[in-house]
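Student: Below is the structure I would like to discuss, written out as structure tokens.
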């Protein structure tokens with residue numbers, strides 16, 4: 001992930017967590033039981049050739065797309081979560097936690113009583129550290145970041 005993508009994921013993190021939670025519960029709880037099947041003479045009539053008019057089939061396709069969306073969001077969220085230990089400065093941790101909670105930079109500035117430009121600078125430093133921890137490979141563990149922290153994080 002490049003720095004621009006990391007910044008975007010940080011900005012959308014709270015939304016992504018909520019979306020993953022909602023879609024998982026929606027897809028897990030309902031397996032399409034509310035769909036109605038055809039009964040009577042309509043069920044025995046021939047279907048047009050070349051198309052699938054089965055509502056269950058289309059519901060299954062829709063759900064597969066939803067699971068793919070959940071998987072993409074999950075990979076972005078996990079990328080950030082695996083690199084949270086790279087942030088060691090207390091001020092950076094405070095700003096990062098508020099960003100991950102969905103607060104805007106202006107609101108963080110107001111709540112912490114620091115200038116907006118400083119909050120932006122801190123966010124950019126957070127992005128740089130996450131990028132540095134993620135630049136040598138995608139499978140970083142906490143130990144890797146802690147070892148890197150002594151050198152560059």
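Readers should treat all values here as calculations from the given coordinates under stated rules, not as data from a laboratory. Please read these numbers as outputs of a predicted model, since none were measured by experiment. Every residue, glycine as well, gets a Cβ built from its backbone with ideal geometry; the counts of neighbours run over all protein chains shown.
Student: For the pair residue 18 and residue 57, how long in nm is the line joining their label points, each one 7 Å along Cα→Cβ?
Tutor: Calculated label separation equals 3.7 nm.
Student: A follow-up question, please. Counting other C-beta atoms within 10 Å, which of 94, 69 has the fewest, and how do the rest follow? Please list the in-between numbers first.
Tutor: Working: 94 16, 69 13.
Going from least to most buried by this count: 69, 94.
Student: Put a dot 7 Å past each Cα toward the Cβ at residue 89 and residue 72; how far apart are the dots in nm?
Tutor: About 3.4 nm, to one decimal.
Student: Work out the FRET efficiency for residue 27 and residue 110 from their Cβ-Cβ distance, taking R0 = 35 Å, and round it to the nearest 0.05.
Tutor: Values: r = 38 Å, r/R0 = 1.09.
So, using R0 = 35 Å, E works out to roughly 0.40.
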